[in-house]
1. Put +1 on the Cβ of each Lys and Arg and -1 on the Cβ of each Asp and Glu in the chain; which of V116, G130, A219 then has its Cα farthest toward the positive end of the dipole?
2. Take V42, V228 and order them by how many other Cβ atoms sit within 10 Å, fewest up front.
3. Mind checking which of A153, V247, T262 is farthest towards the positive end of the chain's charge dipole, using Cβ charges of +1 (Lys, Arg) and -1 (Asp, Glu) about the Cα centre?
4. So, with +1 on the Cβ of K and R and -1 on the Cβ of D and E, and no other charges, what is the size of the charge dipole of the chain about its Cα centre, to the nearest 20 debye?
5. Summing Lys, Arg as +1 and Asp, Glu as -1, what charge do residues with Cβ under 13 Å from the Cβ of F30 carry, F30 excluded?
6. Could you let me know the centre-to-centre spacing of the range 189-253 and the range 8-34, using Cα atoms, in angstrom?
7. Would you mind telling me which residue in V208, V145, V66 has the biggest mean-square fluctuation in a Gaussian network model of the chain, where springs connect alpha carbons within a distance under 10 angstrom?
8. Between V184 and S114, what is the spin-label point distance in nm, taking each point 7 Å from the Cα along the Cα→C-beta axis?
Amino acid sequence: MRPLDAAAAAAVIVIWGSNFVIAKIGLAQFPPLLMMALRFAVAAVVLAPFLKPLGRPLSEIAIVSVTMGTVHFGLMFTGLSGIGAGTAALTAQLFVPFSVILARVVFGERMNPSQVAGMVLAFAGVAILGGAGGGETSLLHLLIVVAGAFMFALGNIQVKRLGPVNPFVLNAWITVLAAPQLFVVSLVLEDGHWAALASADRWGWGAVLFLGLVATVVALALWYRLLVRYPVNRVVPLSLLGPVLAVFIAAAVLDEPLGPRTLGGGLITIVGVALVQLRGSRSTAAKVQAP
C-alpha cells in the first residue's frame, strides 16, 4: 500500500475508532435522535452537490433511507446513550454476521463452516459484553444496539437489491431524506430540544460536526478511495481495527473500565466477525454509511 493510502487507511481507523467516543460526549448534551438529526443535516449540506438521479425509483431509495438512516442510527445511538462507547462499537460489528444470514435468506448465498463458527463466536462475545444485564452494562440498551446492527445489515441487503449505484450519490440521498425523518421522530419521542440547543457548548456542537463531517463524509471518501485502489479483501479487514481502537480510546477519554468481560468479550467478538468477514463471499453487500 502506498504511503499516502496507508495514511488514509490509518485516518479511517482513527476516525471510526473515535466515532462512538465522540458521540458519547455529544449525548451528554443532546437527546440521541436530535443529535442524529443534526448529524444528518450537516452531512446533507456537504453531500448536496452529489444529489443526482440514481436510475432507481425514489421510493426504493426512501426505503433505504428509513432503514439505514433513521432506524439504524436512531437505534444505535439510543442504545449508546445507556452503555459504554467501547461496548457499543464492538456490538455494532454484529451487522457483519447479520448481513451474511440475510444474504443467505434473501439471495441464497452459501455460508461456509468458518463463517458459521464466526457467527457463534461473535454473538457469544456480545453476550459476554452484556454480562446477562449485570454490572455496568444495560442489557436493554445493548439489545437496542444489536437491533441497530440488524437494521444496518437489512439496509445492506436493500442496497444490494438496488444494483450498481454511485455510493456518494446514494449517501447524499440517504442523508437528505433521513435528516427530516429524524427531526420528526425526535420531536415525537424526545423533549427538551430547545434547552439542549441553547445550552450546548463547543464540545456538544463539536461532536455534531465531527459526526456529520468527519465520520460521515471524510472517512467515507477515504474509504471509497481505498476500495477503488485495492482488493476488497485487503481493505475491509482494516475496519476491524476501528472498534478495537474504540475500546482503548473510551478507556483513556471516558474512563470506561477495561475489565476481563470487556477485553474477553471484545476479543471473542472481533475474532468471530473476522472469521465471518475474511472467509465470506465477496458478493455480500458492503457498508454504505459509517457506523
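Please treat every number below as a calculation from the coordinates, not as lab data. Here the structure is a predicted model, which is why all the values come from computation and not from measurement. Ideal geometry is used to build each Cβ from the backbone, glycine not excepted, and the neighbour counts take in all protein chains shown.
1. The residue sitting most towards the positive pole is V116.
2. Values: V42 20, V228 8.
With the fewest neighbours first, V42, V228 line up as V228, V42.
3. So the residue furthest toward the plus end is A153.
4. Once rounded to the nearest 20, the dipole reads 1060 debye.
5. It works out to a net charge of -1.
6. 4
7. Looking only at V208, V145, V66, the biggest GNM fluctuation is shown by V66.
8. Spacing of the two 7 Å Cα→Cβ label points: 4.5 nm.
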